[in-house]
Amino acid sequence: MSKTPESLNNAQNNTKSSLGPAKPITTLPDLFLTAVSLLFLFSSPKPNHTLFRKFLPFPPNPRRFPKMTTTSQSRTSFATPQALSDWLKPRLSSDSLDSWGVKPGTKNLHNLWLELSEGETSLVDSSPPLRTVNVVTVRILGKGNLVLVESRQELSDGSFRDRFRPLSEKMKPHETTEEAVARAVKEELGSSRIVRIVPGSYRKKLEERNSASYPGLPARYVLHSVDAWVEGLPEEDFVTEEKEEYEDVDGTRGLEKAVSVRKHYWEWVCSDSLCS
């Protein structure tokens, strides 16, 4: 019996369905593209992280550094002079500390304690400690290009110390330069005098040197300098006396234990070669 064309088509369709869906035939161009892709993948260089490192917030493999310990904190006050002494002893040589108030022209431990209590001085916790002081310096102008300088001081223990510098005074906390100038003139030159600061003469400078008042204790001086005219000063060399530098209302500060300035010796000197 012969098969009709329709039956032949049905037989072919049944055969395809039993074998599953037809797979696409791989052509030559497809093989070529696959080979190129694999070649590019395996021959590409490794990514260079150093090119992107500077854009990253942290490096891929950060180094761990040991933490540095520091004791450079400032001390501004101590409850008693003994507390100050106990703090200084492991940080300052005994020879230096023992010379305070003994060596002519020096101040003693009580002086430093008063300075700290008044806020005039701070100490950086180091070995040896660093004393930091804000100082106002007044270059008083006179006739004929003369300038007033303090040649020396007489201290309460009877000793003298050479100065040869313009009027200088430690500044109080929150004190302006103008206020410090007026107070320095009143305390060291006597009575209230009219002071006129030369406009534009203000200068600020930092100096670091060993302290003459406290041997062995390095000092950092923040100098606030001005030129000024002060009315009513003698035209010849003169001497002034200073009252107590600090107040002791309730008598508990032991001011008599500190070395204080009793007299200031002043001289007019040439400021340049044009002095008359």
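The values are calculated or read from the model by the stated rules, or taken from the named source; none is laboratory data. Note that the structure is a prediction, hence the values are computed from the model and not measured. Cβ coordinates were reconstructed from backbone atoms using ideal geometry, including for glycine residues, and neighbour counts include every protein chain displayed. With ligands, DNA and RNA removed, areas are computed over all heavy atoms of the protein, side chains included. Shrake-Rupley method; radii C 1.70, N 1.55, O 1.52, S 1.80 Å.
Looking at GLU150, is it of a type outside the set (Gly, Ala, Ser), touching a His at 6+ places or on another chain (Cβ under 6 Å) and within 22 Å of GLU207 (Cβ to Cβ)?
For GLU150, the condition - of a type outside the set (Gly, Ala, Ser), touching a His at 6+ places or on another chain (Cβ under 6 Å) and within 22 Å of GLU207 (Cβ to Cβ) - is met.
For the range 78-102, name all the residues that are under 22 Å from GLU208 (Cα atoms) and open to solvent by 40 Å² or more (accessible area, probe 1.4 Å).
ARG91, SER93, ASP95
Sort out for me the strands (runs of 3 or more DSSP E) sitting completely within the range 181-256 that have 3 or more residues that are over 28 Å from VAL102 (Cβ atoms) and under 34 Å from the mean Cα position of the chain (by Cα).
195-197, 203-210, 218-230
Out of the range 93-129, which residues are over 12 Å from SER260 (Cα atoms) and of a type in the set (Gly, Ala, Ser)?
Within the range 93-129, SER93, SER94, SER96, SER99, SER117, GLY119, SER122, SER126, SER127 qualify.
One residue is enough: does the range 240-251 have a residue meeting the conditions open to solvent by less than 70 Å² (accessible area, probe 1.4 Å) and at pLDDT 95 or above?
yes
Scanning the range 166-180 for residues that are out of contact with any His (no Cβ under 9 Å at 6 or more places or on another chain) and not in a loop (DSSP other than H, G, I, E, B), which turns out farthest from VAL226 (Cα to Cα)?
By that ranking, first place goes to LYS170.
Quick check on TRP266: is it modelled with pLDDT of 95 or more and touching a helix residue (DSSP H, G or I) at 6+ places or on another chain (Cβ under 9 Å)?
In short, yes.
Are there any pairs, at least 6 apart or on different chains, whose C-beta atoms fall under 6 Å, with the first in the range 195-220 and more than 19 Å from ALA184 (Cβ to Cβ) and the second at pLDDT below 95 and open to solvent by 100 Å² or more (accessible area, probe 1.4 Å), and if so, which?
Listed pairs, sorted by first residue: PRO218/ASN210.
Is it fair to say THR50 is open to solvent by less than 100 Å² (accessible area, probe 1.4 Å), modelled with pLDDT under 95, over 22 Å from SER159 (Cβ atoms) and over 27 Å from the mean Cα position of the chain (by Cα)?
Yes: the conditions hold for THR50.
Can you pull out the residues in the range 180-211 that are open to solvent by less than 80 Å² (accessible area, probe 1.4 Å) and closer than 24 Å to LEU123 by Cα?
ALA180, ALA184, GLU207, SER211
Hey, can you tell me all the residues within the range 185-228 that are of a type in the set (Gly, Ala, Ser) and either under 22 Å from THR76 (Cα atoms) or at pLDDT 95 or above (or both)?
Passing the criteria: GLY200, SER201, SER211, ALA212, SER213, GLY216, ALA219, SER225, ALA228.
Just checking, how many residues over the range 103-122 are open to solvent by less than 20 Å² (accessible area, probe 1.4 Å), farther than 17 Å from VAL133 by Cβ and free of Cβ contacts under 8 Å to residues at least 60 places away in the same chain?
Selection size over the range 103-122: 0.
If you scan the range 207-244, which residues turn out to be out of contact with any strand residue (DSSP E or B) (no Cβ under 6 Å at 6 or more places or on another chain) and either more than 30 Å from ALA258 (Cα to Cα) or among the hydrophobic types (A, V, I, L, M, F, W, C) (or both)?
ALA212, GLU231, GLY232, LEU233, PRO234, GLU235, GLU236
Right, ASP98: of a type in the set (Asp, Glu), out of contact with any Leu (no Cβ under 8 Å at 6 or more places or on another chain) and at pLDDT 95 or above or not?
Judged against the criteria, ASP98 is a match.
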